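J.: Before we start, here is the structure in question, set down as structure tokens.
The values are calculated or read from the model by the stated rules, or taken from the named source; none is laboratory data. These figures come from a predicted structure and were not determined experimentally. Every residue, glycine among them, receives a Cβ derived from its backbone with ideal geometry; neighbour counts consider all protein chains shown.
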Amino acid sequence: MNSPKIFAGSSNKPLATVISKKTKIPLGKIELGTFSDGELDVWVEEDVNNSSVFILQSNSFPVNENIIELALISDALRRSGAYKITAIIPYFGYSRKEKQNRRGEPISAKVIADLIVSAGINKIICLDLHADAIVGFFDVPVIYLSALNVLASRLKREKLHNPVVVAPDVGGVKRARNFATILKTPLAVIEKHRQISTRDKIEVLSISGEIAGDTAIIIDDVISTGRTIIESANALKSKGVKKIFVCATHLVFGKDTVENLEKSSIDKIFVTDSIAQNKITNKTSKKIITVSVGKLFADCLRQEL
């Protein structure tokens, strides 16, 4: 039996390297290329026959290419004789479409889950999905990790005065309540209406909880364009909140995301490295602080060996 290896897709090689160093599991040799018409090409250069292997791939930008690349790597490993293939998916793309909001829409998360599993993957390790129900979309075992403790540990170093955790919408109350429990703070909730016809556009309706004068900590799973989280911050500012911090597991680097966040009233934004540094723009912001989930995944992998 060959020793286990981690195969890194194109999306997040830095995180794969961190996990490899912490677990002492070597990175497998793999050649990833693109044909002239845009088709992806994969060649596994390792002997993986009768071995347990891991693939690390975030379904981030370019999301469609990274999903197909994950499937191709899995198929290549399966055809090379790997007996167990575990996909580590720090960020699961298409997770925001886990249900039908209106007739005629797909359940995109289920489609992507089926596609990935059909490529020969035997187990999934994922992090802070947009909805817990997505775990049930996979027809293989799933290990579901949370970055809340990692983010909370970093936030505690800020020594915040009189903080309150804020759920940016009713759907995020469970996550916010868990975060507030870890930090031992009160909880507030922003009730908002999202305009289905306009992506990332919201209208804040009301805020429940005593927040005036407090330091607000908005907790969410994903920041995409940054507009919705900025609207939430503005609503809190209008209620007298002095400082606003944001914690999110996934920062999806949209075209203007960094610029939007930099101009906002938010003081600091803590995100994980589930998605590699922005491939759309080289702009950075001093407000954005990255916290690694490398140890979280490494501890999980040790238990799998």
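J.: Do the conditions hold for Ile229, that is, is it closer than 26 Å to Ala16 by Cα, among the aliphatic types (A, V, I, L, M), in contact (Cβ under 8 Å) with a residue 12 or more places away in the chain and not assigned by TED's automatic domain parsing to the domain that holds Phe92? So that I can check it myself, show each step before the final result.
T.: Values: closer than 26 Å to Ala16 by Cα: no; among the aliphatic types (A, V, I, L, M): yes; in contact (Cβ under 8 Å) with a residue 12 or more places away in the chain: yes; not assigned by TED's automatic domain parsing to the domain that holds Phe92: yes.
Answer is no for this residue.
J.: Scan (1) touching a strand residue (DSSP E or B) at 6+ places or on another chain (Cβ under 9 Å); (2) closer than 16 Å to Ile211 by Cα for the single condition Val252 breaks and write down its number.
T.: Of the numbered conditions (1) touching a strand residue (DSSP E or B) at 6+ places or on another chain (Cβ under 9 Å); (2) closer than 16 Å to Ile211 by Cα, the odd one out for Val252 is (2).
J.: Take the residues in the range 144-164 that are touching a residue at least 24 places away in the same chain (Cβ under 8 Å) and charged (D, E, K, R), then tell me which one is surrounded by the fewest Cβ atoms within 10 Å (Cβ to Cβ).
T.: Among those residues, the one meeting the criterion is Lys156.
J.: For the range 292-299, indicate whether the set of residues that are loosely packed, with under 15 Cβ neighbours inside 10 Å and closer than 22 Å to Ser146 by Cα is non-empty. Please lay out each step first, then the result.
T.: Filtering the range 292-299 for residues loosely packed, with under 15 Cβ neighbours inside 10 Å gives 295, 299.
Filter once more, keeping what is closer than 22 Å to Ser146 by Cα: 295, 299.
Checked the range 292-299: at least one residue is loosely packed, with under 15 Cβ neighbours inside 10 Å and closer than 22 Å to Ser146 by Cα.
J.: Could we say that Glu105 is free of Cβ contacts under 8 Å to residues at least 60 places away in the same chain and in contact with a His (Cβ under 9 Å, 6 or more places away or on another chain) here?
T.: Details: free of Cβ contacts under 8 Å to residues at least 60 places away in the same chain: yes; in contact with a His (Cβ under 9 Å, 6 or more places away or on another chain): no.
No, not satisfied.
J.: Here's a check for you: in the range 1-41, which residue that is small (Gly, Ala, Ser) and outside any loop (DSSP other than H, G, I, E, B) is modelled with the lowest pLDDT? Break it down into steps so the answer makes sense when it comes.
T.: Within the range 1-41, the subset small (Gly, Ala, Ser) is 3, 8-11, 16, 20, 28, 33, 36, 38.
Among the residues that remain, those that are also outside any loop (DSSP other than H, G, I, E, B) are: 8, 16, 20, 33.
Values: Ala8: 98, Ala16: 98, Ser20: 98, Gly33: 95.
My answer is Gly33.
J.: So, in the range 236-249, of the ones that are in contact (Cβ under 8 Å) with a residue 24 or more places away in the chain and farther than 12 Å from Ile266 by Cβ, which residue ends up surrounded by the fewest Cβ atoms within 10 Å (Cβ to Cβ)?
T.: The first filter runs over the range 236-249 and keeps only residues in contact (Cβ under 8 Å) with a residue 24 or more places away in the chain, leaving 236-237, 239-249.
Then drop every residue that is not farther than 12 Å from Ile266 by Cβ, which leaves 239-240, 242, 249.
Working: Lys239: 15, Gly240: 10, Lys242: 14, Thr249: 29.
Here the residue is Gly240.
J.: Test Ile244 against the criterion of being in a strand (DSSP E or B), at pLDDT 90 or above and over 14 Å from the mean Cα position of the chain (by Cα), and give yes or no.
T.: On the way: in a strand (DSSP E or B): yes; at pLDDT 90 or above: yes; over 14 Å from the mean Cα position of the chain (by Cα): yes.
Answer is yes for this residue.
J.: Test Val53 against the stated conditions and say whether it is in contact with a Leu (Cβ under 9 Å, 6 or more places away or on another chain) and either hydroxyl-bearing (Ser, Thr, Tyr) or surrounded by 16 or more Cβ atoms within 10 Å (Cβ to Cβ) (or both). So that I can check it myself, show each step before the final result.
T.: Details: in contact with a Leu (Cβ under 9 Å, 6 or more places away or on another chain): yes; either hydroxyl-bearing (Ser, Thr, Tyr) or surrounded by 16 or more Cβ atoms within 10 Å (Cβ to Cβ) (or both): yes.
It is true that Val53 is in contact with a Leu (Cβ under 9 Å, 6 or more places away or on another chain) and either hydroxyl-bearing (Ser, Thr, Tyr) or surrounded by 16 or more Cβ atoms within 10 Å (Cβ to Cβ) (or both).
J.: Just checking, does the range 250-264 include any residue being modelled with pLDDT of 90 or more, outside any loop (DSSP other than H, G, I, E, B) and closer than 28 Å to Gly9 by Cα?
T.: The answer is yes; a qualifying residue exists.
J.: Moving to a separate point now. Can you tell me which residues in the range 24-47 are surrounded by 16 or more Cβ atoms within 10 Å (Cβ to Cβ) and either under 25 Å from Lys295 (Cα atoms) or not assigned by TED's automatic domain parsing to the domain that holds Tyr91 (or both)?
T.: Once the filter is applied, which keeps residues that are surrounded by 16 or more Cβ atoms within 10 Å (Cβ to Cβ) and either under 25 Å from Lys295 (Cα atoms) or not assigned by TED's automatic domain parsing to the domain that holds Tyr91 (or both), the range 24-47 yields Ile25, Leu27, Gly28, Ile30.
J.: With respect to the numbered conditions (1) surrounded by 15 or more Cβ atoms within 10 Å (Cβ to Cβ); (2) in the same structural domain as Thr17 (by TED's automatic domain parsing), which one is the sole condition not fulfilled by Pro141?
T.: It fails just one condition, (1).
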